[in-house]
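Here is the structure we will look at, set down as structure tokens.
Nothing in this text is a laboratory measurement; each read-out follows from the coordinates by a stated rule. Here the structure is a predicted model, which means the values were calculated and not measured. When we count neighbours, we look across all protein chains shown, and the Cβ atoms used for this are built from the backbone with ideal geometry, even at glycine.
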Amino acid sequence: MGQIESIEWKPLVENIVHGTQDKNVHLNNAQKADILKEAFEDLFENLQLYVIVFNDCDNGPNFAYSDDQSQLVVSLKRGLCNIIVYHSREWGGACQNTRNQFIKQVESCKTDVIPWWQDYRGFPNILKNDHIPNAGFVTLIRDDQNAQVRSINCEGGPGKWIKAENEAGEKFDLIVGHI
């Protein structure tokens, strides 16, 4: 279809996400993520996006995300899954040194940073403020929620995605998008 202006991205993404959730309940998370990746790559030539599809689960105990909604589309508890799409405004223009520093900051959160909490709401904002200052988006998803992460128009994502552990040894997907 060609390039869509960045101002128009959010309503289009919401419609595609909802349609994917509603029409593909029979598919697994990886298949839904692949459908979205293909659709977004066809629509958006210059936008760097993260697409995250994971099990239909409760916010807080099983996942949490930073609350800046300006570059985010979130669709929860629909079509037997949750979907989050993040649009990075600056990753494409960031120099390699800035990207490397950002990646090191995210990787430093792999162990000994995530506490054991019953409810993780609010914690992604703590990570943004205390550990990853150039993060525009942070989400923490328990490993058993089958998160499928796809990068659109950038290799490895507009940020960094790692497996991390909390103090109790529980595993999480930590997906961090650059501003």
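Among CYS81, CYS57, CYS95, which comes first, second and so on when ranked by fewest other beta-carbon atoms within 10 Å?
Working: CYS81 25, CYS57 18, CYS95 8.
Fewest-to-most Cβ neighbours within 10 Å comes out as CYS95, CYS57, CYS81.
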| task | Please order LYS171, LYS37 by the number of other Cβ within 10 Å, starting at the fewest. | result | LYS171, LYS37
| Hits among lysines - C-alpha to C-alpha of LYS171 under 18 Å, sequence gap 8 or more where chains match | LYS110, LYS160, LYS163
| request: With only Lys, Arg, Asp and Glu charged, each at its Cβ (+1 for the first two, -1 for the last two), find how big the charge dipole of region 6-178 is about the Cα centre; round to the nearest 20 debye. | output: 100 debye
| note | Cα pairs beyond 22 Å in region 6-178, in percent, come to 40 percent
| query | log10 I(q)/I(0), Debye, Cα-only region 121-179, no solvent, q = 0.12, 0.16, 0.20, 0.29 Å⁻¹? | reply | -0.29, -0.51, -0.78, -1.28
| query | Where does each of THR98, THR20 land when they are ranked from fewest to most other beta-carbon atoms within 10 angstrom? | reply | THR98, THR20
| message | So the label point goes 7 Å from the Cα of ILE162 along Cα→C-beta, right? Which residues of region 126-155 then have their backbone N under 18 Å from it? | response | 126-143, 149
